[in-house]
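First the structure, in the form of structure tokens, and then the observations on it.
The values are calculated or read from the model by the stated rules, or taken from the named source; none is laboratory data. Everything numeric in this text was worked out from a predicted model, so none of it was measured. All Cβ positions, glycine included, derive from the backbone under ideal geometry; neighbour counts span all protein chains shown.
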Amino acid sequence: MKLQPRHTGLILRIGLGIFMLFWGLAKFITPEVWLNSFQALYGNGAGVMLPLLGAVQSVIAMMLFLGWKTRVAAIIGIIAYLAMLLPGLNRLFNPFGMTTGVPNLLFYEKILVITAFLALYAAGPGVYGLDKK
């Protein structure tokens, strides 16, 4: 099978869906691992934000796998990842932790995910989904 432009959305949906599913489920399976880093970044509200973010990521994953409301899922994903990126924006200017001793490379993952969601929004759902073509 030769890849066609109509497959772009499908490829992005599957890739982002897998990513969102694992990152979403991780917040429920091992919350203690995430809680400390979330508290350092977002303060005391991290205890509420963590399961909420896990739920949002998991729902986005299901929407992407089904190809249902794909552009809505992309917008929600962009907003969620911008909300996680903006409070720690200063960390982007210290990627290797030279001034703090703590590397911040995981913040660059957010830029990649936002970019992938923007590409998905532009490409649309592609083939094999519930969205209308």
Query raised in the report: Within segment 95-133, restricting attention to residues that are free of Cβ contacts under 8 Å to residues at least 40 places away in the same chain and small (Gly, Ala, Ser), which residue is surrounded by the fewest Cβ atoms within 10 Å (Cβ to Cβ)?
Result: GLY101
Query raised in the report: Of the conditions (1) surrounded by 19 or more Cβ atoms within 10 Å (Cβ to Cβ); (2) within 18 Å of ALA123 (Cα to Cα); (3) not basic (Lys, Arg), GLN57 fails just one. Which one is it?
Result: (2)
Requested in this report: Restrict the check to segment 70-86 and report whether at least one residue is surrounded by 13 or more Cβ atoms within 10 Å (Cβ to Cβ), under 14 Å from ILE14 (Cβ atoms) and not small (Gly, Ala, Ser).
Outcome: yes
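In this structure, is GLY43 modelled with pLDDT under 85, assigned to a helix (DSSP H, G or I) and at positive phi?
On the way: modelled with pLDDT under 85: yes; assigned to a helix (DSSP H, G or I): yes; at positive phi: yes.
Yes, satisfied.
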Query raised in the report: Somewhere in segment 9-19, is a residue without any contact (Cβ under 8 Å) to a residue 40 or more places away in the chain, in a helix (DSSP H, G or I) and of a type outside the set (Asp, Glu)?
Result: no
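Looking at LEU41, LEU66, LEU92 in this structure, which one is over 11 Å from the mean Cα position of the chain (by Cα) and surrounded by 15 or more Cβ atoms within 10 Å (Cβ to Cβ)? Break it down into steps so the answer makes sense when it comes.
On the way: LEU41 fails: surrounded by 15 or more Cβ atoms within 10 Å (Cβ to Cβ); LEU92 fails: surrounded by 15 or more Cβ atoms within 10 Å (Cβ to Cβ).
Just one listed residue meets the conditions, LEU66.
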Query raised in the report: Restricting attention to segment 20-30, which residues are over 17 Å from the mean Cα position of the chain (by Cα) and part of a helix (DSSP H, G or I)?
Result: ILE29
Report task. Report, ordered by the first and then the second residue, all pairs with beta carbons closer than 8 Å, sequence separation of six or more or different chains, a first member in segment 43-69 that is under 16 Å from LEU25 (Cα atoms), and a second member that is in a helix (DSSP H, G or I) and among the β-branched types (Val, Ile, Thr). Result -> VAL56/ILE76; ILE60/ILE76; ALA61/ILE18; MET63/THR70; MET63/VAL72; LEU64/ILE14; LEU64/THR70; PHE65/ILE14
